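Q: Pasting a structure here, questions to come.
Quick note: the coordinates plus some simple rules give every number you see, no bench work behind them. Note that the coordinates shown come from a computational prediction; the quantities given were computed from them, not determined experimentally. As a convention, Cβ positions derive from the backbone with ideal geometry for all residues, glycine included, and neighbour counts pool all protein chains shown.
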């Protein structure tokens, strides 16, 4: 069974731009969660989507948003990029909502200049 | 509210010697606890999980962890380190909600394990 895939793997953007990251979960998984990983803040939960609805949200500003499609694929959008948004963005999928057994993708490395 | 504290940011061992990575947790409800490993430029891989069954949990690659409620600890151990074990390790808690579901995963700050020949 194919694992979680994330595209693109690397991205360079400038301040003020917006960016969209994509995540395809493991086949049959309906929940997708997003995490931000930075050296200073570590791994922080962004949000979780299940059945195309946001079910859980972390403490991030409204510039961070996401959505999930009917095939469970998810996208994450960050608008008005700031230097501090430079991070590794990880996507994880699980079979059920809020399931603790999450499978992670390799991440998208975003650099904001 | 749930939280997790990894007591060491860096651990260095020699190949063939035991590994101990320490983790303490805090949880209002019955917690589920996990250890994940992250190799350089890779995603996170689940090593093992505790979900209120046996308190000694065996994972992949020879790792195991023991849940000690009295000490609120969930330390990760391995009898003999291998060079390929060099990576960052994350202790993670996910607490059950009052309604019976599970919250999001909450990660510790990570412990970087170095293995020397």
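Q: I'd like the mean, over residues of B:33-43, of how many other protein chain beta carbons sit within 10 Å of each residue's own Cβ.
A: 3
Q: Still on this structure: Can you tell me the relative contact order of the range B:19-117? Whole percent, Cα pairs under 8 Å, sequence separation 6 or more.
A: Worked out over the range B:19-117, it gives 31 percent.
Q: Which of the peptides A:53-64, A:32-43 is most tightly packed, and how do the rest follow, going by the mean number of other Cβ atoms within 10 Å of each residue?
A: A:32-43, A:53-64
Q: Order B:104-110, A:65-71 from most to least packed using the mean count of other Cβ atoms within 10 Å.
A: The packing order, highest mean first, is B:104-110, A:65-71.
Q: Counting residues in the protein assembly as shown as N, plug N into 2.2 N^0.38 Å and put the Cα Rg over that result.
A: Cα-based Rg divided by the globular estimate yields 1.01.
Q: Just tell me how shielded B:104-117 is by partners: mean number of partner chain Cβ atoms within 10 Å of each residue's Cβ, no decimals.
A: What the average comes to for B:104-117 is 3.
Q: For peptide A:44-54, how many partner chain Cβ atoms fall within 10 Å of a residue's Cβ, on average?
A: The mean count of partner-chain Cβ atoms within 10 Å per residue comes to 1.
Q: Still on this model: Starting from 0.36 nm per residue, how many nanometres of slack lie between residue B:53 and residue B:14 once their C-alpha separation is accounted for?
A: Full-extension gain reported as 10.8 nm.
Q: How far apart, in nm, are two points set 7 Å out from the Cα along the Cα-to-Cβ line at residue B:80 and at residue B:42?
A: 2.1 nm
Q: Turning to a different aspect of this structure: Mind jotting down the distance between the C-alpha centroids of the range A:1-65 and the range B:1-72, whole Å?
A: Here the two parts' Cα centres lie 24 Å apart.
Q: Return the distance in nm (one decimal) between the two label points of a simple spin-label model at residue A:113 and residue A:27, each offset 7 Å from Cα along Cα→Cβ.
A: Going from the residue A:113 label point to the residue A:27 one covers 4.0 nm.
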